[in-house]
Structures are given as C-alpha cells and as structure tokens.
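Student: Encoded as structure tokens, here's the structure I'll be asking about.
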Amino acid sequence: MLVSTVSGIASLTALLAAVILLVFLGLERLLGIPADPLLMKNLTFYFGHTLINVAMYQGVAIIYELFPRYTGLPWKTAKPMVIGWNAVMVLVMFAFFHHLYMDFVQPRAVQVIGQIASYSSALPAAVVTILGLLAQVYHRKVRWTLASVLMFAGTMGWAIGGTAAVIDSTIVVNFRFHNTQWVPAHFHTYLLIGLVLIVLGFTAHFTQEVSGEPERSRISKAIATLWLLGGYGFVSLFYIGGWHSVPRRYAGYPREVAEGSLYARLALMLVLPLILALLIYIWEVGKRWLAAYAAARRPS
C-alpha cells in the first residue's frame with residue numbers, strides 16, 4: 001500500500017503534465033498558437049520519466065508482498081522504508097531534468113537539481129529494497145522456484161539498470177553518453193531483465209498457487225538460465241556500443257562508429273535464447289493457467 005500510494009501520487013502529476021502537453025499541442029494545431037518548444041520538452045520528459053519509474057516501483061511492491069512467502073521471513077513496513085519511499089515520491093518529480101542537460105538555455109540551477117535529484121531518488125528505494133531483499137535470503141532456507149528466482153533476478157536487473165542510469169545522469173558523463181546506446185542499455189536492463197522478470201515471476205506464482213500443479217525444476221532452471229544469458233548478453237552489446245559512442249536511433253552508422261553494426265548483429269543473436277526462454281515460459285505457465293481455469297469452472 002505504501003509503494004502503491006507513492007506511485008499513485010507521482011502518476012497523477014505525470015498524467016497532469018501529459019494533459020497540459022496535449023492542450024498546448026491542440027492549441028498549436030487548431031488555433032495556430034505556437035507552444036514553447038523547451039516547455040513542451042520538459043513536459044514530455046516529466047511525463048515519461050516519472051511514469052516509467054512508477055511502473056518499476058509497482059514491480060517492487062510485488063517483491064515486498066510475495067517474496068517473504070518463499071523465505072518465511074516477514075517484510076515489515078519499518079520506519080526507514082516509510083521515510084525512503086516518501087522521499088522518492090518527491091525526488092522522482094525532479095530527476096527528469098537529467099534528460100535535458102544538452103538544452104543549454106535551461107537555467108544552470110535546474111541542471112544541478114536534476115543531477116542531485118537523480119542521485120538522491122535512487123538511494124532510498126534502492127537501499128531499502130536491495131538490502132531488504134538480501135536480508136530476506138541471507139542465511140535463510142529460501143524456497144527457490146521459478147517465481148522466486150525470477151523475482152529475485154528482476155530486482156537485480158533493476159539495481160544494475162538503475163546504477164547505469166545514475167551514471168548517465170552525471171553531467172560530465174552525460175556529455176559523452178547522451179544519445180548513445182548507453183541510454184537504451186540502462187532502460188532495457190531495468191525493464192527487460194527487471195520489471196518484466198518480476199511480472200513473469202508474479203504470474204508464475206499466481207498460476208501455481210491457483211492450479212496446484214507441481215513445478216518441473218529442470219524446465220524452471222532452463223527458463224531462468226536462458227532469459228538471463230540472453231537478456232544480459234543483449235543489453236551488454238548496448239553498453240559496449242554506448243561506451244564506444246555508437247549513437248542510438250541510427251539506421252546506418254557512419255565510418256567513425258562502424259563497429260555499431262557488429263554490435264547490433266551480435267545483440268540480435270543473443271535475443272534468440274531470450275525468445276526461446278519466453279516460449280518455454282508461455283508453454284509451462286500457460287498449462288498451469290489452463291488447469292487453474294478448468295478447476296474454476298468445475299461445479300462445486
């Protein structure tokens with residue numbers, strides 16, 4: 001409830017920014033009243049950056065709720081957690097400025113606020129969640145299933161992708177990494193091997209709990225292994241490309257960064273085990289879903 005409330009409040013402000021953005025667009029298109037480009041860009045990034053962070057926070061709420069069922073250790077809403085998440089609610093509203101460092105007409109103070117907020121917003125939620133999750137598994141007899149493995153791995157993906165995002169939000173680093181493949185690298189990490197894994201873990205947990213079907217450990221290990229190998233291999237090529245200044249959104253690369261084509265081909269190959277993992281997951285979890293649906297339709 002704590003995370004959902006924080007996420008809900010932040011989401012409302014992001015959606016309000018989106019409405020204002022649409023009003024300005026409408027006035028420009030219908031009445032010819034020009035909108036300020038910098039204001040429009042700020043509204044766009046405030047909406048998008050805040051909302052994508054909130055999506056990840058909702059995944060963390062799943063971890064808080066479900067993971068203790070696999071460790072037997074309650075995850076209490078302690079005072080540091082409350083303080084941390086309330087701090088995040090405020091700080092995440094200013095972190096989006098790190099997307100606008102290259103807009104030099106922005107006031108310098110705004111850029112500094114963006115870097116401070118980007119660093120600060122990562123600490124409360126990350127420290128509370130990561131240390132809390134490590135405390136859950138440290139010297140504990142964890143019931144490792146497909147669900148618990150995916151949720152744990154998803155939290156790890158969130159931490160790694162978030163760390164890469166904080167690196168990119170540093171002004172002196174952003175001068176080098178801005179609009180390179182480092183940017184899709186970090187958000188693919190905390191989405192593809194972060195939030196998506198947590199959601200898949202929740203679905204696996206739910207279907208197994210409702211259907212009562214036993215889990216096949218070899219299949220579960222294969223799904224997790226293929227997804228992590230393919231996922232981290234895939235995003236690693238983005239990180240390498242960003243490190244070598246390969247730009248994002250280019251259909252063809254100039255001679256200076258021609259190695260970007262090689263990284264793209266390798267990344268495409270590494271997607272294959274990830275797709276295979278997804279197909280096996282759909283088959284395995286889908287069967288449990290059908291079993292649960294059939295059980296629900298039987299007359300009592």
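Student: Report, by residue number, each residue of the range 225-243 that is surrounded by fewer than 15 Cβ atoms within 10 Å (Cβ to Cβ), closer than 26 Å to residue 167 by Cα and free of Cβ contacts under 8 Å to residues at least 60 places away in the same chain.
Tutor: Selection gives 229 alone.
Student: Would you pick out the residues in the range 120-139 that are of a type outside the set (Gly, Ala, Ser) and assigned to a helix (DSSP H, G or I)?
Tutor: Correct list: 123, 124, 127, 128, 129, 130, 131, 133, 134, 136, 137.
Student: Which residue is nearest to residue 13 (Cα to Cα), if the candidates are limited to the range 43-80 and must be buried (at least 20 other Cβ atoms within 10 Å of the Cβ) and over 17 Å from the mean Cα position of the chain (by Cα)?
Tutor: Ranking the qualifying residues of the range 43-80, first place goes to 43.
Student: Taking the criterion of being touching a residue at least 60 places away in the same chain (Cβ under 8 Å), of a type in the set (Phe, Trp, Tyr) and surrounded by 21 or more Cβ atoms within 10 Å (Cβ to Cβ), would at least one residue in the range 141-149 satisfy it?
Tutor: No, because not a single residue in the range 141-149 is touching a residue at least 60 places away in the same chain (Cβ under 8 Å), of a type in the set (Phe, Trp, Tyr) and surrounded by 21 or more Cβ atoms within 10 Å (Cβ to Cβ).
Student: Filter the range 98-123 down to the residues that are buried (at least 20 other Cβ atoms within 10 Å of the Cβ) and within 19 Å of residue 7 (Cα to Cα), then identify the one that is nearest to the chain's Cα centre (by Cα).
Tutor: 122
Student: So for the range 265-277 (the condition being without any contact (Cβ under 8 Å) to a residue 40 or more places away in the chain, exposed (fewer than 12 other Cβ atoms within 10 Å of the Cβ) and either polar (S, T, N, Q) or in the same structural domain as residue 203 (by TED's automatic domain parsing) (or both)), does at least one residue qualify?
Tutor: Looking through the range 265-277, at least one residue is without any contact (Cβ under 8 Å) to a residue 40 or more places away in the chain, exposed (fewer than 12 other Cβ atoms within 10 Å of the Cβ) and either polar (S, T, N, Q) or in the same structural domain as residue 203 (by TED's automatic domain parsing) (or both).
Student: Could you tell me which of the residues 139, 205 is more than 19 Å from the chain's Cα centre (by Cα) and at positive phi?
Tutor: Numbers: 205 fails: at positive phi.
Unique residue meeting the criteria: 139.
Student: Continuing with the same structure: If you check residue 205 against the conditions, is it more than 30 Å from residue 90 (Cβ to Cβ) and in a helix (DSSP H, G or I)?
Tutor: yes
Student: Given the conditions (1) closer than 26 Å to residue 206 by Cβ; (2) buried (at least 16 other Cβ atoms within 10 Å of the Cβ), which single one is not true for residue 134?
Tutor: (2)
Student: Those residues that are small (Gly, Ala, Ser) and either surrounded by 15 or more Cβ atoms within 10 Å (Cβ to Cβ) or within 21 Å of residue 117 (Cα to Cα) (or both), I need them from the range 19-42; list them, please.
Tutor: Of everything in the range 19-42, just one residue is small (Gly, Ala, Ser) and either surrounded by 15 or more Cβ atoms within 10 Å (Cβ to Cβ) or within 21 Å of residue 117 (Cα to Cα) (or both), namely 35.
The values are calculated or read from the model by the stated rules, or taken from the named source; none is laboratory data. Quick caveat, the model's predicted, so the values are computed rather than measured. Here the Cβ is made from the backbone with ideal geometry for all residues, glycine too, and neighbour counts use every protein chain on show.
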